[in-house]
1. State which residue is nearest to the chain's Cα centre (by Cα) when the search covers only the stretch B:117-127 and only residues that are under 15 Å from B:Leu70 (Cα atoms) and either of a type in the set (Lys, Arg) or more than 8 Å from chain A (Cβ to nearest Cβ) (or both).
2. What number of residues within the stretch A:706-731 satisfy the criterion of being within 17 Å of A:Ala186 (Cβ to Cβ) and either assigned to a strand (DSSP E or B) or β-branched (Val, Ile, Thr) (or both)?
3. Give me the helices (runs of 4 or more DSSP H) completely within the stretch A:286-342, filtered to those with at least 3 residues that are in contact (Cβ under 8 Å) with a residue 24 or more places away in the chain and among the aliphatic types (A, V, I, L, M), ordered by residue number.
4. Of the residues that make up the stretch A:693-705, is at least one under 22 Å from A:Ala186 (Cβ atoms) and in contact (Cβ under 8 Å) with a residue 60 or more places away in the chain?
5. Can we say A:Val48 is β-branched (Val, Ile, Thr), more than 10 Å from chain B (Cβ to nearest Cβ) and without any contact (Cβ under 8 Å) to a residue 40 or more places away in the chain?
6. Residues B:Lys2, B:Lys47, B:Lys92: which one is over 12 Å from the mean Cα position of the chain (by Cα), within 11 Å of chain A (Cβ to nearest Cβ), surrounded by fewer than 16 Cβ atoms within 10 Å (Cβ to Cβ) and assigned to a loop (DSSP other than H, G, I, E, B)?
7. Quickly run through the stretch A:627-651 and pick out the residues that are assigned to a loop (DSSP other than H, G, I, E, B), under 19 Å from A:Lys691 (Cβ atoms) and within 13 Å of chain B (Cβ to nearest Cβ).
8. Residues B:Val86, B:Val109: which one is within 22 Å of B:His29 (Cβ to Cβ), crowded, with 23+ Cβ neighbours inside 10 Å and aliphatic (A, V, I, L, M)?
Amino acid sequence: MKINRRTFLQGASATAVLSSLSGLTPGMANAKVAGVNSGLLAKRNGRVVYHSCLRNCAARCLLKFRVQDGIMTYVTGAEEQAKTGKAPCLKGQSYVQYTYAADRILHPMERVGKKGEGKWRRISWEQAYEKIAKRFNQIVNEHGSEAILPYSYSGNYGAIGMSASGERFWNRIGSSILERKVCTYAAYDGLKSLYGTFLGPDPEDVLLSDVYLTWGHDEVVSNTIAIKLINQARDRGTKLLAVNPQRTPLCSQADIYLQPRPSTDVQLCAGIIKYLVEKDLVNHEFISEQTVGYDELLKRLDEISYDEIETITGVPRDKMFEFAQVLGENEKTMLRMGYGFQRNFNGARMSRAVAMLQAVTGNFGKRGNGLIYDNVHAGGGLNQYQASGKYMRKNPDAQRINMTELAKALHPSHPTSHDKPSKPIHGMIIYNGNPVVVAPDTNAVLDGMKREDLFVVGHDMVMTDSLQYCDIIVPAASQFETEDIVGDYHGYYVQVCQKVIEPLGESKCNWTFFRELGQAMGFKDEAFQASNDDIIKELLDTDSPYYKGVNYERLMKEKYIKLDVPQPVLADGKYDTPSGKIEFSSKLMADAGFHPVLDWGLPEDEMEPRERDLPFRLLSSGVPQRVNSSFYNVKYIRAIPAYYVKIHPKDAQQYEIKHNDRVTLSNHRGEAKFVAMVTTGVPQGSLMTPKCNWLRLNPNGTDGCTNSLTTDKLTDMGGCSAYHSTRVALAKA
Amino acid sequence: MKNKHQLGFVFRQENCVGCQACTIACQIHNELPEDVRFRKVDRFEVKRDDDMVDVWLSHSCMHCGNPACLMVCPSQAYTIRNDGLVVLDREKCTGCGLCINACPYDAVVMLKTDGKAAKCNMCIELIDQGLKPACVDGCPVKCLDTDRIEQLLTQSHTVSKEGIGYGHCITKPNMVIVKERL
């Protein structure tokens with residue numbers, strides 16, 4: 001008998017779970033007294049369990065689950081933590097639907113058809129482990145351990161789920177090292193070149209700010225809950241300034257909003273600083289005490305005119321002056337810089353320029369000012385060296401594969417990494433990730449994934465586009481079906497993830513899977529005997545000064561702890577740069593081949609002519625109703641569109657495209673079809689489509705998705721992804 | 001005559017970010033079929049000074065003082081409670097659909113499951129326990145609330161029945177818009 005996925009879902013465990021859930025679902029039909037349906041309240045009862053959201057979002061909400069007879073019935077934010085409040089974002093509110101999704105994979109499976117054909121046979125976990133261990137041992141013997149590659153990122157952000165669980169296995173086996181640099185790394189270098197760190201102030205200090213400046217960030221997409229506090233600050237008089245090529249909701253609500261063309265931020269910053277210098281609105285005392293190279297900055301500003309700035313950025317100069325005036329007039333500005341805008345060929349250079357606004361206005365070192373980018377005090381302070389078993393790796397010089405270059409590493413005949421030939425990959429485990437639609441250049445990734453000599457194991461909750469190309473699929477438990485902890489990367493919190501329910505069906509959480517696989521491979525190390533609680537204790541056994549006074553018992557009791565990060569940050573005026581001061585002229589930049597002060601280079605300068613000549617820049621941003629490729633299958637959420645493209649009305653007119661028309665975007669990498677949304681929310685000449693949408697769920701055609709179009713070339717510094725440095729052609733479909 | 005106990009939604013439109021958490025919170029609490037939304041969020045692209053901006057309107061049943069649904073219902077399935085909430089007794093509903101056509105706010109829907117009308121009742125099972133409806137508790141930016149709106153209207157000059165996509169209507173809708181900024 002052919003067994004497909006549908007047959008599997010008719011399995012006993014799935015039916016049991018789903019029917020017991022629907023037992024709590026009397027729905028509208030049971031209404032008794034004039035519209036009152038008290039049956040709806042039943043799901044709010046039950047045991048309370050605290051568990052932090054582990055999506056890749058800066059919010060890190062602490063959630064409060066209700067559990068009845070082993071079934072998760074209801075979720076809210078944990079009001080006890082003011083940061084989260086009663087309401088997480090809509091995704092957090094849908095975790096019951098996420099967990100009990102009808103398409104959860106509940107048994108291991110083995111491919112019986114061609115790769116991607118969708119034909120599977122049910123196998124047992126014992127069979128799965130035996131087959132994976134046998135094949136991995138064979139690959140290691142024939143090709144060496146570097147022929148095996150992990151692929152995972154942020155589908156689970158737990159300290160165990162994301163890092164310790166898989167890494168123990170990878171370090172022990174000595175696999176190729178996956179550089180998970182999809183997110184933040186260009187700006188790390190850009191910010192360090194100016195002021196030596198990317199760690200910033202306490203976001204809760206926005207209540208002390210005169211100005212909140214959001215730059216290249218969409219608070220609604222990542223960190224909706226933070227808007228509560230921003231609004232509270234605004235009600236007390238804090239001004240809201242916004243800069244973003246895409247008009248986010250906070251851009252619409254800002255006191256002043258600048259909409260530059262994508263990646264022209266260096267020129268825009270130069271214009272703002274020029275004005276501040278001319279009107280003498282810079283902070284001379286701060287500049288003389290805490291910076292070097294100011295004269296070189298002044299000289300550089302003379303080399304660009306307002307005419308040029310206006311032409312390149314598309315921002316009217318009066319508007320830019322008005323914006324600069326507010327920055328200059330107010331004492332304390334808190335700048336929130338996004339992760340998205342630095343995913344560009346000039347990402348490091350742009351983030352350096354943006355941070356320079358804070359330097360010339362003296363906006364470092366006081367409560368209520370500073371720059372927030374990636375506050376990894378909590379996340380980075382955990383003892384991952386121990387927990388991830390780094391001590392077990394015998395080949396620390398193993399080849400490194402940047403996950404953005406996955407297609408290149410899997411190339412059927414000429415694998416490369418960092419522009420050099422790399423050792424071929426023959427085995428891979430995909431977990432916490434969906435490379436087919438998340439890595440750039442989907443078609444090239446698929447060429448690699450289809451290789452018959454590549455053995456791929458997929459560990460996920462649902463049948464993603466990537467799992468379709470696996471040889472063996474094993475069912476992943478959700479984050480709620482195990483214990484973990486998580487360190488924030490925005491606030492300074494470390495928080496619990498206490499087990500809410502037992503794993504559904506035969507699913508296993510990340511650590512159970514990797515621990516048992518390690519045992520099947522014959523690893524006798526103590527590291528492969530540990531429980532989740534053992535690992536949590538190892539993680540908290542850290543030298544990080546921020547974790548003073550934090551231990552396992554306290555964390556489990558209090559559920560969340562705000563770490564003791566001395567405030568204000570950078571108060572001593574000492575910076576981790578070669579000069580010990582803020583460097584308006586940087587050797588780091590010069591050594592990387594860029595202008596040491598402000599570099600005018602644009603992504604288009606680095607594109608091949610066939611891409612540069614295409615008429616539109618493509619921004620692929622996050623949207624509030626998804627997190628990367630997650631939530632595409634979740635009831636209620638999935639009904640909210642994620643296959644549209646925003647087109648400026650003038651561009652739409654030129655191409656005779658109307659709202660809701662079906663359109664095709666294309667370049668040499670591929671093409672994808674979307675529904676047109678005609679809006680001034682994007683500048684003329686730029687398009688925006690939601691990132692990481694799935695191939696097989698695209699209602700406009702399953703042969704293309706957003707990342708069918710995007711570039712896998714890396715950023716100027718830091719080796720980060722540069723999705724937004726992509727150009728496309730537009731046509732009516 | 002105005003009902004001083006009239007409950008209504010209080011919407012701070014200037015803070016709404018259009019995320020649709022209210023829509024989802026309502027669907028989850030009311031265990032609605034996936035294609036049924038008692039609360040919807042509409043986006044308006046409007047000119048402010050020289051710039052275009054996005055403004056969102058979160059809306060459901062307006063619990064009107066003069067409800068069209070109640071007027072047209074041949075089965076007398078609609079009633080107004082003392083607190084002004086317009087509720088539908090689904091046992092009396094025959095599924096004729098007149099209320100769906102009559103409502104100017106697109107607030108009433110027909111459920112495919114039983115062929116009867118359904119709409120927001122401000123989660124009266126929560127209201128009657130002194131709690132807030134699911135949409136209010138589900139708003140992560142806290143731009144939605146409920147209150148006795150006649151008192152709000154007399155006490156505060158920042159509250160009105162005028163907003164983007166919302167205004168006076170013969171059905172006397174009972175949502176108010178809060179506007180603290182420009």
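1. Restricting to residues being under 15 Å from B:Leu70 (Cα atoms) and either of a type in the set (Lys, Arg) or more than 8 Å from chain A (Cβ to nearest Cβ) (or both), the top hit is B:Cys120.
2. Result for the stretch A:706-731: 4.
3. So the answer is A:317-329.
4. No; the residues of the stretch A:693-705 include none that is under 22 Å from A:Ala186 (Cβ atoms) and in contact (Cβ under 8 Å) with a residue 60 or more places away in the chain.
5. For A:Val48, the condition - β-branched (Val, Ile, Thr), more than 10 Å from chain B (Cβ to nearest Cβ) and without any contact (Cβ under 8 Å) to a residue 40 or more places away in the chain - is met.
6. B:Lys92
7. Of everything in the stretch A:627-651, those that are assigned to a loop (DSSP other than H, G, I, E, B), under 19 Å from A:Lys691 (Cβ atoms) and within 13 Å of chain B (Cβ to nearest Cβ) turn out to be A:Phe631, A:Asn633, A:Val634, A:Ile640, A:Pro641, A:Ala642.
8. Answer to the check: B:Val86.
The values are calculated or read from the model by the stated rules, or taken from the named source; none is laboratory data. The shown structure was predicted, so the numbers you read here are calculated from the model rather than taken from an experiment. Here Cβ is always computed from backbone atoms with ideal geometry, including for glycine, and neighbour counts include all displayed protein chains.
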